1. Of the GluC sites (Glu not before Pro) in the range 8-88, which ones lie in a loop per DSSP and count no more than 13 other C-beta atoms within 10 Å?
2. Where in the range 8-68 are there chymotrypsin sites (Phe, Trp or Tyr not before Pro) that are in a DSSP coil and have at most 16 other Cβ atoms within 10 angstrom of their Cβ?
3. Given contacts defined as C-alpha pairs under 8 Å and at least six residues apart, what's the relative contact order of the chain, whole-number percent?
4. For residue 30, what is the net charge nearby, where nearby means another residue's Cβ is under 14 Å from its Cβ and Lys, Arg count +1, Asp, Glu -1?
5. Post the alpha-carbon centroid distance, the range 5-50 to the range 77-125, in whole angstrom.
6. Express in nm, to one decimal, how much length is gained between residue 32 and residue 89 on full extension, taking 0.36 nm for each residue of separation and deducting their alpha carbon distance.
7. Which shape class applies to the chain: rounded if a/c is under 1.5, otherwise prolate when a/b exceeds b/c and oblate if not, where a ≥ b ≥ c are the square roots of the Cα gyration tensor eigenvalues?
8. Note down the magnitude of the dipole of the chain about its Cα centre, charges +1 on Lys and Arg C-beta and -1 on Asp and Glu C-beta and zero elsewhere, to the nearest 20 debye.
Amino acid sequence: MIFEAGQRTPLVELTPTSCLIKGECYPENISEWSEPVLKTLEDCLGNDESEFKVDIELYYFNSSSAKFLFDFFEFLEESAEDGKAITINWRYRAEDDTMQEAGEDFEEDVSACSYNMVLVEGDSE
């Protein structure tokens, strides 16, 4: 399932074995945007695949989107606790201290998932 990037929303690609979130995330109505994403994530995590890989590369998100990310990581953590091998790659650019710190903060909330801070070289937009 692909949720195309909008002016205020990131690209989200969800498959039975992976998820990519890339772009900026500050939708006017976070619930309207995030509910179908979280529902699709839940469906993907409920499959029989044993591994799930997540790549997150955000350039900006607001406080409402931080709540979405918290819920997103909570789904991942619960699935990992149930036995699914989940790898999260938080991708950030060297000049973006804010996104690096955000990734480090989210890392503290997940213990059952494998979590990697990935420095992105150059401009990957």
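Values in this text are rule-based calculations from the coordinates and carry no lab data. What you see is a predicted model, and the numbers here were worked out from it, not measured in a lab. For neighbour counting, all protein chains shown are included, and Cβ atoms are generated from backbone atoms with ideal geometry for every residue, glycine included.
1. Details: sites: 13, 24, 28, 32, 42, 49, 51, 57, 74, 77, 78, 81; in loops: 28, 49.
For GluC sites (Glu not before Pro) across the range 8-88 that sit outside H, G, I, E and B with at most 13 neighbouring Cβ atoms in 10 Å, the list reads 28.
2. Numbers: sites: 33, 52, 59, 60, 61, 68; in loops: none.
Passing sites in the range 8-68 do not exist.
3. Details: 209 pairs, mean separation 27.1, N = 125.
It rounds to 22 percent for the chain.
4. -3
5. 16
6. On the way: separation 57, 0.36 × 57 = 20.52 nm, distance 2.57 nm.
Difference between extended and current length: 17.9 nm.
7. Values: a/c = 1.58, a/b = 1.19, b/c = 1.32.
It is oblate, given that a/c is not under 1.5 and a/b is not larger than b/c.
8. Values: 8 positive and 31 negative charges, 55 e Å.
Dipole size: approximately 260 debye.
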